[in-house]
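Only the coordinates and a few stated rules stand behind these numbers; no lab work does. The model shown is predicted, which means the values in this text are computed figures rather than measured ones. Here the Cβ positions follow ideal geometry from the backbone for every residue, glycine too, while neighbour counts run over all protein chains shown.
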Amino acid sequence: MEIYYFRLRGGNFGDDLNEWMWEALVPGISSMQSEYTLCGIGTLLSDLMPRNRRWLVVGAGTGYSPPPDLRSGDWNFASVRGPMTARALGLPAEVAVTDSAILLAAVPDGSGSALPATQRQGAVFMPHWKQLRFGRWQQVCEAAGVEFVSPQQDSRQTLARLRASRLVLADAMHAAICADTLRVPWVPLSISSENHSFKWVDWTSSMEVPYQPRQLPPSSFLEKLQSDLAVLVGTDYRLQDASPEQAMAFHAGTLLRRSSIWMAVGRRAVTSGLFVLALLLRLPGLSSLHRALDRRQFSKAVQAMKDALNAPGFLSRQEVFEARLAEMKRRLDDGMRRART
């Protein structure tokens, strides 16, 4: 059975969980004969998906691109990430359960289960993978007394570190999702205007937790420029008031800009231009100015990170967590029975 997920060069924590979680939950799934393709962890439901397939969807979300045409292919929705994905795809409300990464808690070896509070220590921070391009977050964490966890490290090792933490500071959404699954308090952070409010609200709504992110200043001049330019190319996804209704309305408008061919060209041009600028700023006449601009951003980021350490953490209520986990396990079992027939 094919497992469909986003494969980022260099890796990405949330996406990479697909590499081993499904096999741990359903031994032999990758060699099982089935006409279905499993669509699991990730913001995957879009018009970019291969057409004319039989899909088994378990906990995936939508957000970055227009939703898929459900008239193309054969769709079996065991569950989706949250109520906003269900609304965007025109699905019944009961299909919205939560993100499938909650199923880590059911992995037989216990690697996705909670540790006693006495065995947890320290705070960790995980940025979204895009912040690795121009960010200085490892140095910020060192200055603020926080452990930096790259979203491109081995996903099993990363999960083990989150599990042993007392607090998770999360710019990457799956750092928060996995922390909640591991019953570790988490603080939602937002570094860039590309931080995707819609998908965060989709998941937090499913777990009955408010989405109240703390804004973290970009850690470098180029990272700030990357965030500022997002508005020009249709990748500014952050909302100041991220209520479900506003997020739904903003999402619809974002998709119109996102689907524009000129916006696609602009996105490539901006990314390439930033890398060229990074090289130019190393030249003798510009490097001192670049360092001065970086110092200003860096000091702001360090102070904000220290403040985040003292922020109250979020955690879904235990009864909500247990109910969502039980429902996801039931729906996965039902979906696998259909896929085997």
With -39,500 (n - 2.57) per DSSP H segment of 4 or more residues and division by the full residue count of the chain, the 222 nm estimate, nearest 500 deg cm²/dmol, is -13000 deg cm²/dmol
With θ taken as phi - 60° and the coefficients 6.51, -1.76 and 1.60, list the Karplus ³J(HN,Hα) couplings across region 158-175 in order, rounded to whole Hz; mark glycine and proline as x.
5, 4, 5, 6, 4, 4, 9, 8, 8, 8, 10, 9, 10, 8, 7, 4, 6, 5
Using the per-residue mean of other Cβ atoms lying within 10 Å as a proxy for protection, in what order, highest first, do the peptides 204-212, 116-124, 173-181 fall?
173-181, 204-212, 116-124
Please work out the C-alpha center-to-center distance from region 150-173 to region 115-133 and express it in whole Å.
4
Most to least packed among 285-291, 24-30 [average Cβ atoms within 10 Å]
24-30, 285-291
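Going by a ≥ b ≥ c, the root eigenvalues of the Cα gyration tensor, does region 1-42 fall in the rounded group (a/c under 1.5), the prolate group (a/b larger than b/c) or the oblate group? Working shown, then result.
Numbers: a/c = 2.45, a/b = 1.72, b/c = 1.43.
Note, shape of region 1-42 comes out prolate.
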State whether region 117-316 is rounded, prolate or oblate according to the following rule on the C-alpha gyration tensor (a ≥ b ≥ c being the square roots of its eigenvalues): a/c under 1.5 gives rounded; otherwise a/b larger than b/c gives prolate, and the remaining case gives oblate.
oblate
In percent, how large is the relative contact order of the chain, given Cα pairs closer than 8 Å and 6 or more residues apart?
18
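Using r as the Cβ-Cβ distance of residue 315 and residue 283, and R0 as 45 Å, what FRET efficiency do you calculate, to the nearest 0.05?
On the way: r = 48 Å, r/R0 = 1.08.
Efficiency at R0 = 45 Å is approximately 0.40.
In Å, what Kirkwood hydrodynamic radius results for the chain from the alpha-carbon pair distances? The partial results should precede the final answer.
On the way: mean 1/r = 0.0483 Å⁻¹.
Answer for the chain: a Kirkwood hydrodynamic radius of 20.7 Å.
What does DSSP give for region 117-316 in terms of the percent of beta bridges that are antiparallel, rounded to the nearest 5?
Values: 1 of 12 bridges.
Antiparallel bridges make up about 10 percent of those DSSP assigns within region 117-316.
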The simple spin-label model distance between residue 340 and residue 9, using points 7 Å out along Cα→Cβ, in nm, is 4.1
For the chain, find the longest principal axis of its Cα atoms and tell me its angle to the long axis of helix 284-309, 0 to 90°, nearest 10.
50
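Suppose we keep just the DSSP beta bridges with both residues in the chain; what percent of those would be antiparallel, to 5? Intermediate results must be reported in sequence, preceding the final value.
Details: 1 of 26 bridges.
In the chain, approximately 5 percent of DSSP beta bridges are antiparallel ones.
Under the 0.36 nm per residue contour assumption, what length would be gained going from the current alpha-carbon distance of residue 34 and residue 327 to full extension? Can you show the working numbers first?
Working: separation 293, 0.36 × 293 = 105.48 nm, distance 2.33 nm.
The span from residue 34 to residue 327 would gain 103.1 nm if fully extended.
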Under 16 Å from a label point 7 Å along Cα→Cβ of residue 252: give me every residue in region 189-219 with its amide N that close.
198
Of the listed pairs 224/306; 130/199; 130/329, which have alpha-carbon separations greater than 21 Å here?
130/329
